[in-house]
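Rule-based calculations on the coordinates, nothing more; no lab input. Since the model is a prediction, treat every value here as computed from it, not as a measurement.
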Amino acid sequence: MDGETNGSQEATQGAQDQAQQQGQEQQETQQGQQEVTSGNAPDYEKQIAERDEKIASLEAQVAEAAKNAETAEQLRAEIAELKAQGESDRIDFKLQLAGVRNVKAARALLSDHGNDVDKLKEAEPWLFEATGKHAKGGNSGGTGTTGLPNAGAASDEGKTLKHWREIAGLTDDDDTKKEG
């Protein structure tokens, strides 16, 4: 806010300075006209040269002030953009910490719940991972199993084969008769 105040104060101050300088130039013009009538021609040229220098100096000051105002405006725009990006990132991080499944979908619905992640989570539980034992397991099915045997579990291939033979209607007795 201070930058905006300073910018407007500088613009006001610049306008006042220009008004004072114009008043001084008018006085100098009147003095120059009086001197011309009195026959001091070389002084007149000197005054014109001084006035031209003043005009060039003032124009440079005006150009510098305009550049500073443009630069300040660009910086204000950049600051506003960074603040907006920071706010957006903060919301994304809050959603991710809450266990959201889809940040884009959650952001679309967040405004309907006053930009409050907790209210969104309460109203739209399907949008968030289940909390508890398997919340961080990365398994979107929520069952906690992969369908594979445990890495440390012993497997009994003979028992499995016997089980499948029973399902197929074959018995171990059939196998022993063929071998003997």
TODO: Show the residues, 5+ positions off or on another chain, whose built amide H is closer than 5 Å to the amide H of F128.
DONE: R101
Task: Under Karplus coefficients 6.51, -1.76 and 1.60, residue-wise ³J(HN,Hα) of the stretch 117-126 in Hz, glycine/proline x - done: 5, 5, 5, 4, 5, 6, 7, 10, x, 5
Task: Whole-Å distance, taken between Cα centres, linking the stretch 46-62 and the stretch 90-122 - done: 61
